[in-house]
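Chemist: First the structure, then my questions, so here it is.
Since every read-out is calculated from the coordinates, none of them should be taken as a lab result. Here the structure is a predicted model, which is why all the values come from computation and not from measurement. All Cβ positions, even for glycine, are placed from backbone atoms using ideal geometry, and neighbour counts span all protein chains on display.
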Amino acid sequence: MSEAQEGELFPVRESERSIGELFPPPEPRELEHATGILPSQLLRDAIERTREIQSLEPIEDDQIQPASLDLRLGAVAHRVRASFLPGRERTVSEGLRALSLHTLDLREGAVLERDCIYIVPLLEHLALRYRTSGAANPKSSTGRLNIFARVITDYGTEFDQIRSNYTGPLYAELSPRSFGVRVRKGSRLVQLRVRRGRPTSSNAALRRLHEEIGFEIVPPGFPIRRELLEGGLAVTVNVVGTRRSGFVGYKAKKHAPVVDVDQVNHYNVREFWDPVFTHRGEGIILDPDDFYILASREPVAVPPDQAAEMLAYDTLVGEFRVHYAGFFDPGFGLAETKGAGSRAVLEVRSHEVPFLIDHGQIIGRLVYERLIARPDRLYGGAIGSSYQSQGLALSKHFKKPPRA
């Protein structure tokens with residue numbers, strides 16, 4: 001199979017309507033709410049005016065995404081014996097004193113080894129206001145490298161959740177699972193969303209949003225009926241493949257070189273990934289603990305006043321984990337696809353036993369949440385977004401195969 005054939009799985013269509021035509025600009029303050037996720041301009045305000053988001057070094061403008069903030073690694077990484085949550089009675093530093101094995105200096109870069117666990121203080125720290133909380137997630141490129149990444153806080157009882165009114169440092173727990181990775185001070189592997197209050201949502205509101213976005217607009221040959229799950233839209237997997245080759249995705253090689261997380265369009269795909277094929281569209285068998293990159297059957301589209309997150313559907317449907325990196329920013333899948341959406345790339349791992357995953361099997365749910373206001377920047381090529389109009393895309397670190 002040639003690299004050109006790989007590009008046939010999900011051909012990218014040319015844009016015929018701008019995002020402004022799909023969603024006309026609102027009247028001033030029309031879309032402002034008392035609660036919701038902070039958009040880019042309010043994230044900037046939280047940095048510059050209210051000082052709820054602070055940093056040991058100046059925050060760079062390109063860290064600010066439409067509805068999230070990229071967080072940067074600090075100068076040192078602590079190799080630890082085990083993952084941990086500090087709990088209500090101690091700080092992360094106190095936990096590190098009990099579990100740390102050694103430290104790595106990240107100022108000139110260092111390699112994080114496969115299957116080891118590291119705790120890295122982040123450059124950013126928080127002083128959140130009343131009724132203001134946060135949620136963290138790996139960046140898309142982090143998930144696609146199979147780096148298990150979570151954020152923890154002092155006195156925290158949950159991963160990736162920053163409680164309301166939190167004041168203190170942030171730490172990233174990192175565990176590369178497929179490749180050793182080179183990181184350095186300033187590398188961006190996780191991202192933060194900030195939320196005022198707790199906006200409520202309902203299936204009725206989600207159904208209206210579903211109709212507004214128009215998920216029925218899909219490429220020819222994909223007759224899709226989108227299911228509404230409790231609190232989200234169903235996302236299913238595509239394992240039919242191309243007609244000529246049956247190519248459906250990639251599987252990480254067992255023994256591959258180290259990946260520098262700050263290199264872009266740099267590595268040869270074949271050194272790190274094997275292609276995955278389906279036999280006559282009969283699905284694929286996931287091997288235990290192998291890591292796969294697959295794609296959703298449905299397109300994902302996120303309106304300018306909404307953000308979305310991919311969540312696990314139900315652990316009872318199969319022994320596998322899907323989608324490590326689940327944030328979708330406002331404008332994803334809109335600006336360059338006639339509003340029809342872009343495929344969600346799925347990071348998939350099977351556990352314990354081999355598992356047959358069928359075409360169209362539900363593997364996750366897409367949950368939407370409104371923003372306080374429409375952001376002043378949207379996901380897309382204009383702000384250098386890596387995965388707009390994506391087909392079946394590996395992380396940005398790998399050279400792009402030529403399109404068919």
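Chemist: Checking residue 69 against (1) surrounded by 18 or more Cβ atoms within 10 Å (Cβ to Cβ); (2) farther than 26 Å from residue 107 by Cβ, which single condition isn't satisfied?
Modeler: Condition not satisfied by residue 69: (2).
Chemist: What are the residues in region 45-71 that are farther than 20 Å from residue 121 by Cβ, assigned to a loop (DSSP other than H, G, I, E, B) and in contact with a Gly (Cβ under 9 Å, 6 or more places away or on another chain), if any?
Modeler: 66 - this is the single residue of region 45-71 that is farther than 20 Å from residue 121 by Cβ, assigned to a loop (DSSP other than H, G, I, E, B) and in contact with a Gly (Cβ under 9 Å, 6 or more places away or on another chain).
Chemist: Look through 95, 186, 87 and report the one residue that is in contact with a helix residue (DSSP H, G or I) (Cβ under 9 Å, 6 or more places away or on another chain) and not in a strand (DSSP E or B).
Modeler: Going through 95, 186, 87 in turn, just one is in contact with a helix residue (DSSP H, G or I) (Cβ under 9 Å, 6 or more places away or on another chain) and not in a strand (DSSP E or B): 87.
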